[in-house]
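Bear in mind these aren't lab numbers, they're just calculated from the coordinates by the rules spelled out. In this text the structure is predicted, and so the values were computed from the model without any measurement. Please note: Cβ atoms are built from the backbone with ideal geometry, for glycine as well, and neighbour counts cover all protein chains shown.
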Amino acid sequence: MLYFSKIKLFIIYFVIFILTIFASLNLVNNKENFFLSKKINLGLDLQGGSYLLLEVDSKPIVNQYLQQKLIELRKNFKKNKIKYQNLSLRNQSINFLLNDNDIKKFEEFFLNKENDINLYYDKYRSYELDYFIENGLIKIKYSKFGLVEIKNSTLKQSLEIVRRRIDEVGTNEPTIIRRGNDRILIELPGLEDPNRIKKLLGRTANLTFRLVSKEDDSFGSELLSFENTDEKLNVNKRVVVGGDNLINAKAAYDNRNNEAVVSFTFDRVGAKKFGRVTSDNIGSKIAIILDKKIISAPVVREAILSGSGQITGDFTFQSATDLALLLRSGALPAPLEIIEERTVGPDLGEDSIKAGAISLVIGFLLVIFYMLYKYRQLGIIADLALIINLILLVGILTILEATLTLPGIAGIILTVGMAVDANVLIFERIKEELKTENSIIHAFDSGYKRAQSAVLDANITTLISAIILFFLGSGPVKGFAVTLGIGILTTLFSAYLFARHLSSFYVMKNKDRKIKL
Amino acid sequence: MSFKIPKDIKFSNYYKKLNIFSLILIILSISIILIKGLNLGVDFMGGTLIEVRVENNTINISEIRQSLLKMKLGDVNVKKFGKENDYLVKIETTNLKNSDFIQSINNKLTSDLGSMINFRRVENVGPKVSSELLKAGLLAISLSLAAMLFYIWIRFEWQFSLAAIAAIVHDVIITVGIFSLLSYEVNLSIVAAVLTIVGYSMNDTVVIFDRIRENLKKYLKITISDISNISTNETLSRTLITSVTTLLALFSIYFFGGSILKGFSFAMIIGVIVGTYSSIFVATPILKYTNVKQKTVQKINEENN
């Protein structure tokens with residue numbers, strides 16, 4: 001166990017050398033170079049910032065899609081002369097009555113893999129919709145995979161819109177990723193107050209221009225209230241132009257009365273539609289509606305053909321800016337709900353870094369001195385191994401560009417305390433061997449050999465805990481699992497390769513003396 | 001800290017007494033947990049947690065509590081946290097839908113107390129997420145127990161596996177019991193601590209078991225009690241030294257690592273102490289009770305050859 005081939009020695013010290021270089025990169029301040037910019041990232045709990053978990057509420061969009069399916073079904077029934085009754089949409093399902101003859105016809109086309117209402121997904125071997133028949137009453141619902149597809153596409157679009165909105169705000173290096181099939185995780189380092197972002201994400205920002213109805217006609221119009229007052233207006237359900245026809249929006253001051261407004265520009269299609277409607281409806285009101293609330297309902301004084309205009313409302317410049325931002329980045333396909341929020345202020349982060357560093361240094365020194373006290377010269381070997389262990393750990397974390405959290409620092413300190421265990425196991429074994437063995441070389445050799453299985457067992461058990469924690473833990477706790485787990489690997493390396501090599505030096509120097517541990 | 005370790009302690013003489021002691025501790029812990037329950041943090045219960053720093057020294061904790069109670073936020077809990085003017089506020093409601101919720105609490109506190117208020121940390125966990133986190137935490141602990149059971153079952157015989165798991169369960173129950181007794185908050189980092197305790201306790205036990213197995217092969221004529229004593233004595237100084245270094249690191253976190261890591265390091269300290277005790281006085285005796293003999297390990301020997 002004490003003999004090292006040249007190649008082995010080269011590999012050991014080469015690994016230490018490389019990882020030392022990586023570890024020292026944390027002291028270099030370079031952001032451009034791919035290699036030099038590698039660093040351990042600080043978690044949100046250390047640098048301050050906000051963590052938000054959003055959930056897409058896909059219910060409204062499922063309803064919306066079912067509404068479309070219902071219209072298509074009605075058309076199809078008419079075309080195929082299927083007599084249906086009580087066709088309606090409730091509780092996320094389409095319901096209708098058919099007689100037995102028509103049920104057959106219905107099933108025939110509904111289960112045809114080429115039909116354009118109920119899509120067939122080859123990859124899932126499933127239809128988009130499921131149907132159930134009970135006494136002639138037919139219920140159509142989205143199938144499991146149909147829902148998965150809706151959720152997936154909704155999440156994809158939402159992710160894009162969320163990204164645009166956050167980019168527009170201009171925060172520092174945000175992380176925006178999907179979680180599962182209906183969640184979005186956002187990390188905003190350095191952001192002290194997530195309020196504005198939360199507000200921006202809390203709005204669907206579905207903008208429509210619709211005519212205000214002249215008389216009460218309950219069929220084609222709906223009663224909507226204003227954003228800022230309780231006043232209500234009857235608004236036509238037909239959308240003149242929607243937010244997706246906007247190509248630009250920005251906050252501005254109206255030069256007549258110095259009020260904050262949002263000025264916007266339509267694309268060609270939007271401009272054409274808007275021009276036509278405004279020229280046909282001079283004198284009537286046109287409502288500008290955001291998420292079912294009326295922002296304002298100005299009277300059309302002249303045909304607006306330029307394709308641009310402005311929205312007035314009780315805006316401050318800030319709220320006009322935010323509305324413009326929402327309009328530019330587009331509407332969310334479905335409402336988002338914040339289900340978890342964690343924010344750490346930058347001063348607490350700094351305090352945590354300080355406290356973490358102090359406790360690391362103190363813990364480290366205590367362990368170092370204790371080992372010296374217990375093992376004297378061999379203690380130096382254990383301590384050198386511990387130092388190398390820390391350097392290796394930091395080096396690997398740097399290569400992985402891992403995120404260091406406060407629990408992660410705790411993991412490093414704990415590694416310091418537990419890493420010496422490997423050397424303790426070995427030294428204690430050597431001590432025992434020395435009782436019966438006169439040759440120090442033999443004692444060390446068999447000490448290392450015999451301690452091996454205990455060292456491995458002891459470390460694998462902790463590694464198992466770390467791996468489970470890594471997969472099931474969340475947020476900062478994951479950082480703990482990472483440092484603890486990597487710490488075990490570096491411990492094995494530094495005890496069984498590095499410290500063993502140092503021990504062989506020690507043995508060679510003292511081989512003729514009687515030593516006592 | 002110089003302790004001379006006598007090399008021939010008759011550990012087996014204490015097995016019975018200490019096993020009864022452990023049993024009482026476990027029963028007590030379970031009763032406390034059942035009667036008093038656990039002080040689950042917002043991670044697992046949902047709610048809002050705010051770490052508040054008040055800039056004005058003269059304000060006391062009851063003024064903060066009064067001000068919060070006026071806001072009608074449901075159950076409110078305020079306690080000191082670390083430094084002089086730092087408080088930890090726990091609120092039952094989350095109100096995640098209202099993006100001004102946190103801001104409005106800050107404004108009201110500022111005007112009620114007439115002092116600058118700094119929210120150093122805000123954690124707002126909705127009911128869906130908290131129940132998921134709780135499930136994931138319990139799953140993680142059960143999985144790690146299962147994984148340990150499996151690992152030691154591959155490496156050793158079933159008696160060793162049973163004994164090691166009993167020791168781990170013993171450690172986890174007592175640690176959680178102490179948290180319940182002291183009403184310390186149980187949050188995500190405590191789950192991390194419990195998992196690490198599971199690993200540590202196992203680690204400690206395995207080292208002794210390793211030696212017992214070795215000695216079972218070495219001494220063919222003596223009883224398991226004697227083998228336990230020899231093995232425990234042989235590994236005792238390692239057991240103690242490793243516990244000391246680990247505790248040194250943990251005390252350093254406890255005293256200098258800041259308020260956030262206090263609960264975590266406290267749980268670990270208990271776990272390491274109980275874990276060290278249990279590997280000697282819970283795990284090893286079970287080998288005796290389950291009648292482990294030289295024959296038990298011979299099978300492995302043959303398989304290996």
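Taking amide H as placed 1.01 Å from N in the peptide plane, A:ASN118 has no amide H partner under 5 Å among residues 5 or more places away or on another chain. Quick one: compute the contact order of region B:47-125, relative version, from alpha carbon pairs under 8 angstrom and 6+ residues apart, as a percent. Averaging sequence separation for qualifying contacts and normalising by length gives 49 percent for region B:47-125.
To the nearest 20 debye, what is the magnitude of the charge dipole of chain B about its Cα centre, counting +1 on the Cβ of each Lys and Arg and -1 on the Cβ of each Asp and Glu? Please list the in-between numbers first.
Details: 32 positive and 23 negative charges, 153 e Å.
Roughly 740 debye for chain B.
Taken as Cα centroids, region A:1-22 and region B:39-111 sit 54 Å apart, rounded to the nearest whole angstrom.
Only four residue types carry charge here, +1 at the Cβ of Lys and Arg and -1 at the Cβ of Asp and Glu. Report the dipole size of region B:47-125 about the Cα centre in Debye, rounded to the nearest 20.
Details: 12 positive and 10 negative charges, 18 e Å.
Value, rounded to 20: 80 debye.
Would you kindly state how much longer the chain becomes between A:THR229 and A:ASN33 on full extension, computed as 0.36 nm times their sequence separation minus their alpha carbon distance, in nm to one decimal?
Details: separation 196, 0.36 × 196 = 70.56 nm, distance 5.54 nm.
Length gained between A:THR229 and A:ASN33: 65.0 nm.
Compared with the alpha-carbon gap, the fully stretched path from B:TRP153 to B:LEU28 is longer by 42.0 nm at 0.36 nm per residue.
Please compute the average number of Cβ atoms from other chains found within 10 Å of each residue's Cβ in peptide A:343-350. Don't skip to the answer; put the middle values down first.
Working: counts 8, 7, 7, 1, 3, 10, 2, 0.
Partner Cβ neighbours, averaged per residue: 5.
Once you have a ≥ b ≥ c as the square roots of the Cα gyration tensor eigenvalues for region A:213-313, tell me rounded if a/c is under 1.5, and otherwise prolate or oblate according to whether a/b is larger than b/c. Oblate. Grab the other residues whose beta carbon is less than 15 angstrom from that of A:TYR124, score K and R as +1, D and E as -1, and report the net. Combined, the nearby Lys, Arg, Asp and Glu give +1. With contacts taken as Cα pairs under 8 Å at a separation of at least 6 residues, chain B carries a relative contact order of 25 percent.
Proximity of backbone amide H atoms, modeled 1.01 Å from N, is registered between A:THR405 and A:GLY43 at under 5 Å, excluding neighbours fewer than 5 places apart on the same chain. For chain A, averaging the sequence separation of C-alpha pairs within contact (under 8 Å, six or more residues apart) and dividing by the residue count gives a relative contact order of 19 percent. Based on the alpha-carbon gyration tensor of region B:47-125 and its eigenvalue square roots a ≥ b ≥ c, which shape applies: rounded if a/c is under 1.5, prolate if not and a/b is larger than b/c, or oblate? Because a/c hits 1.5 or more and a/b exceeds b/c, region B:47-125 counts as prolate. What is the calculated FRET efficiency for B:LEU139 to A:SER453, with r their C-beta to C-beta distance and R₀ = 22 Å, to the nearest 0.05? Taking R0 as 22 Å, the efficiency between B:LEU139 and A:SER453 is 0.10. Working note: Karplus 6.51/-1.76/1.60 with θ = phi - 60° gives region A:35-42 the couplings 7, 5, 7, 5, 8, 7, 7, 8 Hz, where Gly and Pro are set to x.
Region A:38-110 and region A:401-431 have Cα centres separated by 53 Å.
Given the Cα-Cα distance of A:LEU365 and A:ILE11 and 0.36 nm per residue of separation, how much length would full extension add, in nm? Walk me through the numbers on the way to the answer.
Numbers: separation 354, 0.36 × 354 = 127.44 nm, distance 2.93 nm.
So the chain would gain 124.5 nm between A:LEU365 and A:ILE11.
Here the Karplus curve 6.51 cos²θ - 1.76 cosθ + 1.60, taken at θ = phi - 60°, turns the phi angles of region B:29-35 into couplings of 4, 4, 4, 4, 4, 5, 7 Hz, with x standing for Gly and Pro. Evaluated at q = 0.16, 0.27, 0.28 Å⁻¹, a Debye calculation over the C-alpha positions of region A:62-130 (equal weights, vacuum) places log10 I(q)/I(0) at -0.56, -1.39, -1.43.
Find out how many positive minus negative residues lie around A:VAL269, taking Lys and Arg as positive, Asp and Glu as negative, among other residues whose Cβ is under 14 Å from that of A:VAL269. Walk me through the numbers on the way to the answer.
Values: positive: A:ARG268, A:LYS272, A:LYS273, A:ARG276; negative: A:ASP244, A:ASP267.
Combined, the nearby Lys, Arg, Asp and Glu give +2.
Taking only the Cα atoms of the protein assembly as shown, the radius of gyration and Dmax are 34.2, 111 Å. First measure r as the distance between the Cβ atoms of B:LYS17 and B:TYR289, then evaluate 1/(1 + (r/R0)^6) with R0 = 22 Å and state the FRET efficiency to the nearest 0.05. Efficiency, from the Cβ-Cβ distance: 0.90.
With Cβ to Cβ distances under 15 Å as the rule, what net charge do the other residues near A:ILE460 carry (K, R +1; D, E -1)?
Details: positive: B:ARG155; negative: A:ASP421, A:ASP457, B:ASP204, B:ASP210.
Net of charged neighbours comes to -3.
Across region A:270-283, rounded Karplus estimates of 3J(HN,Hα) from the backbone phi angles (6.51 cos²θ - 1.76 cosθ + 1.60, θ = phi - 60°) give x, 4, 5, 4, 5, x, 5, 5, 5, 6, 7, 10, 4, x Hz, Gly and Pro being marked x.
By per-residue mean of other Cβ atoms within 10 Å, what is the highest-first order of A:48-58, B:254-264? Show your work: numbers first, answer last.
On the way: A:48-58: 23.2, B:254-264: 20.7.
In descending order of packing, they fall as A:48-58, B:254-264.
Assuming charge only on the beta carbon of Lys and Arg (+1) and of Asp and Glu (-1), the dipole of chain A about its Cα centre is about 1280 debye to the nearest 20. Note on A:GLU437 and B:ASN39: with the Förster distance fixed at 51 Å, the Cβ-Cβ geometry gives a FRET efficiency of about 0.40. Note on B:265-273: average number of Cβ atoms from other chains within 10 Å of each residue's Cβ is 1. Using the alpha-carbon atoms, what tilt in degrees (0 to 90, nearest 10) does helix A:346-399 show relative to the longest principal axis of chain A? With rounding to tens, the tilt is 20 degrees.
How well do other chains shield peptide B:200-210, expressed as the mean number of their Cβ atoms within 10 Å of each residue Cβ?
The per-residue average across the peptide is 6.
I'd like the distance separating the alpha-carbon centroids of region A:242-284 and region A:116-162, in whole Å. Between the Cα centres of region A:242-284 and region A:116-162 lies a distance of 37 Å.
Per-residue ellipticity at 222 nm computed for chain A from its helices equals -17500 deg cm²/dmol, with DSSP H segments shorter than 4 residues left out and the rest contributing -39,500 (n - 2.57).
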